[in-house]
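**Student:** Before I ask anything, let me first share the structure, which is written out below as structure tokens.
The values are calculated or read from the model by the stated rules, or taken from the named source; none is laboratory data. None of these values were measured; they are calculated from a predicted model. Glycine also receives a Cβ, built like all others from the backbone with ideal geometry; neighbour counts cover every protein chain displayed.
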Amino acid sequence: MSENNINWLNVGIGAFIILAIVLLLVLILPFGNLVAQQDEIAVITINGAVTYDSSNSTKIFTSASQIENALNEANSNPNVKAIVLDINSKGGSQVACEEIADNIKKSSKPVVAYIGDKGLDESYLIASSADAILASPSSSVGGIGLSFIDSNKYSKTKLTGVYNEDYLKLKKSNEINPDNLLNGQKMIDQDYTQFIKAIAENRDLKPNYLAKLAHGKRYNGNEAKNLGLIDKIGNKNKAIELAASKANATNYTAVNYPKSHKSLTETLSENKIFNL
């Protein structure tokens, strides 16, 4: 065999060996990660307006489907031991928040809600469905109330309870048809009652007691704790620690959900397979 053929044979054998090593690592790597992987505390962010679908024009929003997908992913992952909801929202769609709350209550793993800056209106309903609520001392909590506008179901104008004065002013104005306003008020009264009952049940409070704290009133974290609207004062790390303790997890890491799904090239690069 000529020297040239021998060189080509060596090159071919070398390439085959390298390819075999890469393929072997690709096959073995996932199993190695399973062995070395820590328990996880899934952190799901709820930021901005909570919407029913993802086609909303709001600049900062979180859709019900996003939260549902994140919850499903966290609950189906055996490495996830507990879930933390990182909430910063003034509210949004009542239907969307009711669906999210139902999914949270169906979670097979402990769920802790953390209210950082704001957890108001419908987003507080989401928080109330968790196993525990933790908030910072200066956070804005509660804001429980519903509102009405002619063209949509709700608006910034509160028309329940202590806001009856606003209702009377609008009724006398020419901006909104009085009949439409009256019908809107009836819808609000029905939904508001349902809203109060749902939160009261979630927080194990009497509806009449909670109704006194509602009507759109906001409380800071310390006030909210004293009133029973939250369970503990603390930061996000404390919420993660609380979630871990509820799951009896001691060796864990906090991971944002839903996870970003990386390509094979990114996975191999992260594990330095190509940096031999």
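For every residue, the table says whether it meets (1) under 18 Å from Ser129 (Cα atoms); (2) under 23 Å from the mean Cα position of the chain (by Cα); (3) without any contact (Cβ under 8 Å) to a residue 12 or more places away in the chain.
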position: Leu210; (1), (2), (3): yes, no, no
position: Arg218; (1), (2), (3): no, yes, no
position: Asn222; (1), (2), (3): no, yes, no
position: Lys232; (1), (2), (3): yes, yes, no
position: Ala247; (1), (2), (3): yes, yes, no
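**Student:** Right, something else. Looking at the stretch 164-262, what helices (runs of 4 or more DSSP H) fall wholly within it and have at least 2 residues that are at pLDDT below 95 and over 30 Å from Lys81 (Cα atoms)?
**Tutor:** 164-172, 178-203, 207-213
**Student:** Tally up the residues in the stretch 72-120 that are of a type in the set (A, V, I, L, M), under 28 Å from Ser138 (Cα atoms), touching a strand residue (DSSP E or B) at 6+ places or on another chain (Cβ under 8 Å) and modelled with pLDDT of 95 or more, please.
**Tutor:** Residues meeting the conditions: 11.
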